[in-house]
Amino acid sequence: MSMLTQWWEGMSAVQHVFMFAAIPATLVLIIQTLLLIFGFGDDGADAADTPDIPDMDGIDIPDGIDMPDGDFTPVEDFSNTDSPDELSGDFRIFTVRGFVAFFTVFGWSGAALLELGLPGWFASVVAILAGLAAMVLIAWLMRAMLKLQSSGNLEPKNALGKTGVVYITIPGERSGSGKVNLLVQERFAEMDAVTDGEPIPTGREVVVVGVTTLGTLIVKAK
């Protein structure tokens, strides 16, 4: 009889329960971590969120394709827009990653408490509490990571009032979009832009007066 078999058969039924929870969960946790390190992790798999379907305003339509008449909807008042906290996602505890963390911590902490000679009922209660704490911690860490990622994204609304230079000619009357170069969030950015007036040629200075629902800048010539 091997040492592994002897070790397993020497455990009590409660220890077996803890190990059945700990070992598979630990293997899954290791695989998740490796996938995340090598760029294959998909945090979106934790929740079945329905993707937002964007408004068609602001999208350039190639010549020869007829589309219904439409207009951009400027968003100049951002007091009711989503805050970074809202954009970063909800505080989700019951996720795949959260359950893996629960069973990992539950199993190993329960087994460790039994090894210390504590009663099975006490070890079970503490292990459950430790597992729940791990779920909450994982949820908090994932939300913090999403907030950090969101804070690094370029927010078109931060370009309001900024001055830029036209890089690609902007068609007049919002008949299409061009591009402008400007400094936003201490970064030199190239962003799509439209105008309500006459076409604005390349090299002309413009000022941002609004933003469409798709994040396209609304500019006017200086």
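Tabulated data
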{"read-out": "Residue order for MET142, MET19 - accessible surface, 1.4 angstrom probe, largest first", "value": "MET142, MET19"}
{"read-out": "Gained length - VAL126 relative to LEU154, 0.36 nm times residue gap less alpha-carbon distance", "value": "5.6 nm"}
{"read-out": "Integer Hz, Karplus 6.51/-1.76/1.60 couplings in order for segment 206-217, x for Gly and Pro", "value": "9, 10, 7, 10, x, 9, 7, 5, 8, x, 6, 6"}
{"read-out": "Evaluated at q = 0.09, 0.12 Å⁻¹: base-10 log I(q)/I(0), Debye formula over Cα of segment 100-222", "value": "-0.48, -0.56"}
{"read-out": "5 angstrom amide H check on THR202, placed H, neighbours 5+ away", "value": "THR169"}
{"read-out": "Centre separation in Å (Cα based) which lies between segment 103-123 and segment 154-169", "value": "58 Å"}
{"read-out": "Segment 158-222 pair-distance distribution - Cα-Cα, 5 Å bins, rounded %", "value": "4, 23, 37, 26, 8, 2, 0"}
{"read-out": "R0 of 22 Å, Cβ-Cβ distance ILE168-VAL209: FRET efficiency to nearest 0.05", "value": "0.70"}
{"read-out": "Probe 1.4 Å, accessible area per residue of segment 121-222, Å²", "value": "54 Å²"}
{"read-out": "Förster radius 41 Å - calculated FRET efficiency between MET3 and GLN32 (Cβ-Cβ, nearest 0.05)", "value": "0.85"}
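The values are calculated or read from the model by the stated rules, or taken from the named source; none is laboratory data. The structure presented is a predicted model; accordingly, all values stated were derived computationally and were not measured. Backbone-built Cβ (ideal geometry, glycine too); neighbour counts: all protein chains shown. Remember, those area values only see protein heavy atoms, side chains included, never the ligands or the DNA or RNA. Shrake-Rupley method; radii C 1.70, N 1.55, O 1.52, S 1.80 Å.
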